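The block underneath contains the structure these notes are about, expressed in C-alpha cells.
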C-alpha cells in the first residue's frame, strides 16, 4: 500500500511539474519588453556602488562600504531578482533577433548563474553569522559581477533594441 | 447502451467536431500528423464499436492493434511538435542526440517510478496487453518529458497551438501511467475495467479541451508584432 501511495505521489509530482512548466511557457509567450522591464526592482539601485553603473564593470567602494550601501540582504536580494530578469531579457532578445551576439548571450547567462549562486551563499552565511567578513566578501563579489552583467545588458540592448535603453536605465 | 459504447460515441462526436474545425480552418496544413491521428482515431473508433459485440479475447486483439497505432501516432505527433517549435524559433539545428539522451533519462526515471508486475491468473494475451500498455505508458510520459526538457534547455518558445496539443497529450499520458500502475496493484488485474474507463475519459477530456481551444479564434502572439517594432 505504501508503494502504491509513493508511486501515485511521484506521478502527481510529474503532473505538477508539467503544469508549472506550462504556466511558465504561457508567461514566456506573453512576454514583452515592457513586461520584462516592469519586473526589474527599482527599490535599490547599484548606482549606490558605482558612478559608472550600467556602462562599466567595477565598484567604487570597499567591501565594507559596499555592504553598507547595498543595505545588507536587501540589496543582495534585489541583485538576485534583477539578474534573473536580465537573463530573461537576454533570452527574449535571442528568441526575437538573429543579430544578437551569441558570445555576449552566453556571458550574460554565466553572469546570472554566478550572481545568483554568490547571493545565495552570502545570504546563507548571513543567516548564520550576520555581517561577517565572509558575507561582505561574497556580497562584494556578487555586486561586482552584477555591475558587469548590467553593463553587458546595456550593450546588448544598445546593439539590438536601442529604443528600450532609456526605460532600462530608468528601471535600474 | 453500455457505458463503453456511450464513451466511444461521445469520443467519435468530439473527433468529428475537431476534424471539422481542422478542415474549416485549414489547420491540417501545419499539423498533418496530428490531423492524420484524428482520422485514425475516428476510423479505429468505428471499428471498435463493431468489435464491442465480439467475445472478450477477440475484442482484446482489436484493442491491441488500436493501442499500437495510437502510440506510434503519439510519438510521431511529438516529433511534429518538436519540428514546429524549431520552425517557430527559426532554429535549424534539431540536436536530435540531445533529445534522445533526454528521452533515455526520462524513460529510466519514469520506469523506476513503478514496481512493474503482471497480476497472476491472466491469459497470455492479457499478459502481452499489460506488458505493452506498461511499456507504452512509460514511453508516452518519457517522450513528453524529453520534449519539455529539450525545449527548456534550448530556451525555445512554444507556439500556442502546439502548446495546447502538448497539454492534452501530457494530461492523457499521465492519467494513462497512473491507470497502468493501478492495474498492476489490484488483484483483479486487467478485469478492473473501471480503470480503463477512467483512462478513456481522460482521452475524452483531452479531446474536449482541443475542441474548445480550436473552436475559438486563436489569439495572435503579441511578441511577433512587438519584435518587429523593436528589432529593426
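Quick note: the coordinates plus some simple rules give every number you see, no bench work behind them. Nothing here was measured: the structure is a model prediction, and the numbers come from that model. Note that each Cβ is placed from the backbone with ideal geometry, even for glycine, and that neighbours are counted across all protein chains shown.
Can you give the Kirkwood hydrodynamic radius of the protein assembly as shown from its Cα pairs, in Å with one decimal? Could you put the intermediate results ahead of the total?
Details: mean 1/r = 0.0409 Å⁻¹.
This gives a value of 24.4 Å.
Label residue B:91 and residue B:118 with points 7 Å out from Cα along Cα→Cβ: what is the distance between them in nm?
Placing both labels 7 Å along Cα→Cβ, they lie 4.1 nm apart.
Calculate I(q)/I(0) for chain B by the Debye formula, one identical point scatterer on each C-alpha and no solvent, and give its log10 at q = 0.13 Å⁻¹ to two decimals.
-0.84
Calculate, for residue A:43 and residue B:212, the FRET efficiency according to 1/(1 + (r/R0)^6) with r their C-beta to C-beta distance and R0 51 Å; round to the nearest 0.05.
The calculated FRET efficiency here is 0.75.
Taking the 0 to 90 degree range and rounding to the nearest ten, how far is the long axis of helix B:3-24 tilted relative to the main principal axis of chain B, both from C-alpha atoms?
20
Any idea how far apart residue B:53 and residue A:60 come out in nm if each label point goes 7 Å out from Cα toward Cβ?
9.0
If only Cα atoms are counted, what is the Rg of segment B:57-156, and what is its Dmax, in Å?
Rg then Dmax for segment B:57-156, in Å: 16.5, 54.
Enter the Cα centre distance for the pair segment A:39-70 and segment B:1-66, rounded to the nearest angstrom.
Distance between centres, Cα-based: 63 Å.
How many partner chain Cβ atoms sit within 10 Å of a residue's Cβ in peptide A:5-14, on average, as a whole number?
Values: counts 0, 2, 9, 5, 1, 7, 9, 2, 1, 12.
Partner Cβ neighbours, averaged per residue: 5.
Could you order the peptides B:126-134, A:128-136 from most to least packed, using the average number of other C-beta atoms within 10 Å per residue?
Details: B:126-134: 17.1, A:128-136: 14.2.
So the order, starting with the most tightly packed, is B:126-134, A:128-136.
For chain A, just run the numbers: alpha carbon Rg, then divide by 2.2 N^0.38 Å, N being how many residues it has. Walk me through the numbers before you get to the answer.
Numbers: Rg = 18.7 Å, N = 172, 2.2 N^0.38 = 15.6 Å.
So the Cα radius of gyration is 1.20 times the expected 2.2 N^0.38 Å.
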